[in-house]
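First the structure, in the form of C-alpha cells, and then the observations on it.
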Amino acid sequence: VYLAQATFDPAKIRAAQDHNTNKINGTPRFKERSQDNAIYLKNFFLDIDCGEKWPLKNQKEGCQALVQFISDTGLPMPMVVNSGNGLYAHWALTEEIPSRQWRTVAQVLKKVVAVYSPAIGGDSSRTSDSASVLRPPGTTNRKPGKAEKPVTIINAGKPVEFLSFVKALGIAAKKRQVERTALLP
C-alpha cells in the first residue's frame, strides 16, 4: 500500500483516465498521478534509504544521520517513519500549500540535504517530486523474496507552519551558501 503525498486535480485525473481508455496500440498514456496534476501538498518529506547498497547501512545509522542533519540545519524535528528498510522524514504542515510553491521550497530542501547530509538523500528524487507515493504507517513493506516488515512511526513530530519551515530552511541554506533565491521575497 502506498499513499500519495499530494491532492490531485480531479478534472485532470478524469481527462487522463478518458485518454487512457480511448487510446490503444502503444499510444502514450497520460499519467494520472503526475506533478502536473498535483494541486496541493501538506508536508515535505525525505526518503532515507538504508541497507547494504546505501551509505547508511541500517536504520540506526539513518536515525543518527537525520538527527545530526536536524541539529546542523535548525529545521524542526520531523515525523520519522520506519518504512520497513529505510526511513521517511515528514515535516507535516499546519496548512496545505499550492503545488508550484511546494516544489520551489522542495528544490531548496533537496539542495540543503545534498550539502549538509548527502547520505540521508538516498532517494533524493522523492524530496522534490510532488507526485510521490510513500508507504503509510500501519502497512507492510513487501519485497519479493524477503520477509514482510511493518511500517511504523518512530517519532510523531509536530506540524509546523509553512512560513516557519521556509524561514528555517532559508537560514540553513544561507549558512552553507546554498542557492535559495526562490525563498526570498
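The values are calculated or read from the model by the stated rules, or taken from the named source; none is laboratory data. For clarity, every value in this text was computed on a predicted model and none was experimentally measured. Heads up, the Cβs are rebuilt from the backbone with ideal geometry, glycines too, and the neighbour counts pull from every protein chain shown. When the accessible area is computed, the model is the full protein with side chains, heavy atoms only, and any ligands, DNA or RNA have been set aside. Shrake-Rupley method; radii C 1.70, N 1.55, O 1.52, S 1.80 Å.
Less than 5 angstrom separates the built amide H of G86 from those of C50, all sequence-distant by 5 or more or on a different chain. What's the local net charge at V160, with K and R +1, D and E -1, over the other residues with C-beta under 14 Å away? Residues near V160 contribute 0 overall. GNM remark for the chain: springs join alpha carbons under 10 Å apart, and the peak mean-square fluctuation among G121, G84, G138 falls on G138.
The per residue volume of the convex hull around the alpha-carbon atoms of the chain is 143 Å³.
A 1.4 Å probe run over the protein chains yields, for the chain, 56 Å² of accessible area per residue, whole-number rounding.
Comparing Cα centroids, region 54-81 and region 107-158 end up 11 angstrom apart. In the chain, if the dipole is taken from +1 on Lys/Arg beta carbons and -1 on Asp/Glu beta carbons about the Cα centre, which of G145, I39, C63 is farthest to the positive end? Highest projection toward the positive end goes to G145. Peptides 145-157, 46-58 ranked from most to least packed, by the mean per-residue count of other Cβ atoms within 10 Å: 46-58, 145-157. With the simple model of a label 7 Å out from the Cα in the direction of the Cβ, R100 to D9 spans 1.0 nm. Other residues whose C-beta falls under 10 angstrom from the C-beta of N141 contribute a net charge of +4, scoring Lys and Arg +1 and Asp and Glu -1. Using a cut-off of 18 Å between Cα atoms, the listed pairs K110/K174; K110/K158; K42/K158; K42/K174; K111/K174; K53/K143 include K110/K158; K42/K174 as exceeding that distance. In summary, the helical segments of the chain meeting the span-like criteria, namely a full DSSP H run, a Cα extent along the axis of 15 angstrom or more and a mean Kyte-Doolittle hydropathy of at least -0.5, are 59-73, 99-116, 162-175. By the rule of a C-alpha distance below 19 Å, with chain neighbours fewer than 8 residues away ignored, the lysines paired with K60 are K149. Measuring nothing but protein heavy atoms, the accessible surface of the chain at 1.4 Å probe radius is 53 percent carbon and sulfur. Here, P(r) means the percent of Cα pairs in each 5 Å bin from 0 to the largest distance; for region 32-132 it is 2, 14, 24, 25, 18, 11, 5, 1.
The Cβ shell under 14 Å around K175 holds other residues with a net charge of +3, Lys and Arg each +1, Asp and Glu each -1.
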